[in-house]
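Notes to accompany the following structure.
Where a number appears in this text, it was derived from the coordinates with a stated rule and is not lab data. Please read all numbers here as calculations on a predicted model, not as lab measurements. Glycine gets a Cβ as well: all are built from the backbone with ideal geometry, and neighbour counts include every protein chain shown.
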Amino acid sequence: MKKIFSVAVMLFSLLQTGAAQATNAVIYLWPKGAPGFESKKDEPEEVKDYYAKSINNPSLTVYPAPKDKATGAAVVICPGGGHRLLVITSEGRDAAAYFNSIGVTAFVLKYRLFRQDKSPYTVENTLQDGRRAMRMVRQQAATYNIDTSKIGIVGFSAGGELAAWVAFDKPKEKLVKADSTDNIPCKTNFVVLIYPGPLAVPDSLTTSTPPLFMAAANDDACCSEPLLQITALYRKAKAKVEMHLFAQGDHAFNMGKRSKLKSISNWPQRMAEWLADTGIITIIP
């Protein structure tokens, strides 16, 4: 009986260890809560099915690249959801898994939602979360073996708007420095926008604007036009851009897993090729 008990204890311990290893680290953007909203820090999030909302303590969930594939590159991933919720599975977790497969460490951002019903937050608060996330990834670079010249931002739909604001400096941020982290530059080395919303389009760009990859479907009534507008601005600025406007696919095709269209299901491969051509990664799946 003692032997059986010992084996049971050992198996339980192993299961607990495995569970701990499988748990992704969560980094809160502000240890004491978002500036001006510290009292809301411990209010629970609403997480159900494919989405999360009621984000009051913005955070990054870390998905480290496998050691045998790691390239030193990293991305902050901004899920979409119309600034009302976050599509945290297919535009967060699944995107992180793909980036891991090509050797990129991923940080999935839960940012505050200014369009959620009765939200106390503004566009500026959402931007504050995006920029703070970039600063924190740079701060954590040594911990996760990240090359600080290879840190990018990725956004889907409304998350594409946030990613564009961070990369293109629109709207302007009224930075309230909470601590020394806010002294770290939130520089973006590359940008990926997947069917970004119309608020992603900046007023202008310069030659120093980071390299950009974009993808959307031509029959996306919401988010195909921003690709054309942003591409035109990149071309005018003589900055580096690659844009894929697929004939079909509509909106929210995520990582392409659910689509029967070859072009849509293979769009991540096109992005990986672009990342390799840009010198960000060396692995092509």
Point to revise | Fewest-first sequence of MET214, MET136 by Cβ atoms within 10 Å of each Cβ | key: MET136, MET214
Point to revise | Computed lengthening from VAL26 to GLU225, 0.36 nm per intervening residue step minus Cα-Cα distance | key: 68.1 nm
Practice item. Specify the angular offset, from 0 to 90 degrees and rounded to the nearest 10, of the alpha carbon long axis of helix 2-22 from the longest principal axis of the alpha carbons in the chain. Key: 10
Study note, to complete from the structure: Amide H contacts under 5 Å for PHE246, restricted to residues at least 5 apart in sequence or on another chain and with H modeled in the peptide plane, are ALA216, ALA217, ASN218
Exercise for review: Give me the number: length gained by fully extending VAL47 to GLN248, i.e. 0.36 nm times residue separation minus the C-alpha to C-alpha distance, one decimal in nm.
Suggested key: 69.3 nm
Review point. Which whole-Hz couplings ³J(HN,Hα) result when phi for each residue of region 45-52 is put into the Karplus expression 6.51 cos²θ - 1.76 cosθ + 1.60, θ = phi - 60°, listed in order with x for Gly and Pro?
Key: 6, 9, 10, 8, 6, 9, 10, 9
Review point. What is the spin-label model distance, in nm, from ASP182 to LYS260 if the labels are put 7 Å beyond Cα along the C-beta direction?
Key: 5.3
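Going by average Cβ neighbours within 10 Å, how do the peptides 142-148, 101-107 rank, with the highest at the top?
By packing density, highest mean first, the sequence is 101-107, 142-148.
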Exercise for review: Taking 7 Å along the Cα-to-C-beta vector as the label spot, tell me the ALA239-SER208 distance in nanometres, rounded to one decimal.
Suggested key: 1.2
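Of the listed peptides 69-80, 30-41, 243-254, what is their order by residue-averaged count of other C-beta atoms within 10 Å, with the highest listed first? Mind showing how you got there, number by number?
On the way: 69-80: 25.4, 30-41: 15.3, 243-254: 18.3.
In descending order of packing, they fall as 69-80, 243-254, 30-41.
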Check your understanding: In terms of the Cα gyration tensor, with a ≥ b ≥ c the square roots of its eigenvalues, is region 244-285 rounded because a/c is under 1.5, prolate because a/b exceeds b/c, or oblate?
Key -> prolate
Exercise for review: Using only the Cα atoms of region 24-277, build the gyration tensor, take square roots of its eigenvalues as a ≥ b ≥ c, and label the shape rounded, prolate or oblate: rounded if a/c is under 1.5, else prolate if a/b is larger than b/c, else oblate.
Suggested key: rounded
Revision key, fill the gap. Beyond 28 Å (Cα-Cα) in this structure, taken from LYS32/LYS110; LYS69/LYS187; LYS32/LYS118; LYS69/LYS262; LYS118/LYS240; LYS110/LYS187, we find LYS118/LYS240
